[in-house]
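S.K.: Handing you a structure now.
Nothing in this text is a laboratory measurement; each read-out follows from the coordinates by a stated rule. Note that this is a predicted model, so its numbers are computed, not measured. Heads up, the Cβs are rebuilt from the backbone with ideal geometry, glycines too, and the neighbour counts pull from every protein chain shown.
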Amino acid sequence: MEEANQTEVGETSTASRKVITLEPKVVIKKGISTLGFVFRLFAVFGTIGSALAMGTTQESVVSLTQLVLLKAKYSDLPTLMFFVVANSVAGGYLVLSLPVSIFHIISTKAKTSRIILLAIDTVMLALVSCGASAATATVYLAHEGNTTANWPPICQQFDGFCERISGSLIGSFCAVILLMLVVISSAISLSRH
């Protein structure tokens with residue numbers, strides 16, 4: 001009996017070998033979830049970076065014709081304040097959703113949390129795109145002005161202010177694109193269940 005359980009030198013026991021098989025569906029789901037996590041992580045940098053850049057923007061210049069100190073701050077314009085709030089809320093949500101996104105990479109069968117995340121991701125996409133669109137209109141007026149309304153462009157005087165708010169818009173629109181990719185990857189992942 002003992003001789004049957006022993007293996008000879010040079011032979012391998014079939015009981016100790018494990019065969020690992022990768023199911024293509026599981027690999028694809030994990031790949032899509034990983035891609036969604038990467039998009040989400042970069043969107044965090046886009047939203048928070050844009051909010052910080054806009055929220056810390058201010059410039060003061062001396063008007064030589066009137067001998068007055070002129071100041072420009074993001075908080076002087078409500079659309080830029082909305083931009084900062086929208087990007088801050090979306091950035092905070094994205095940071096909080098990162099652990100759930102990691103959970104989705106590990107557990108490919110989680111469906112309810114994916115649906116909840118997809119719904120909130122869609123709301124955050126709308127919020128960030130609204131904030132970026134509203135701020136774009138204000139930044140356009142700052143650069144070009146409006147002769148019909150008798151609004152002169154302020155970027156001739158506040159060039160540093162205008163460069164910084166324009167740069168924060170670029171980051172926010174990159175975050176919008178990344179959030180679109182997050183929503184698409186989440187939808188693809190859900191459709192494969």
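S.K.: Arranged from highest to lowest average of other beta-carbon atoms within 10 Å per residue, in what order do the peptides 149-159, 89-99 appear?
M.R.: By packing density, highest mean first, the sequence is 89-99, 149-159.
S.K.: If packing is taken as the mean number of other Cβ atoms within 10 Å per residue, what is the order of 126-139, 41-54, highest first?
M.R.: Per-residue Cβ counts within 10 Å, averaged per peptide and sorted highest first, yield 41-54, 126-139.
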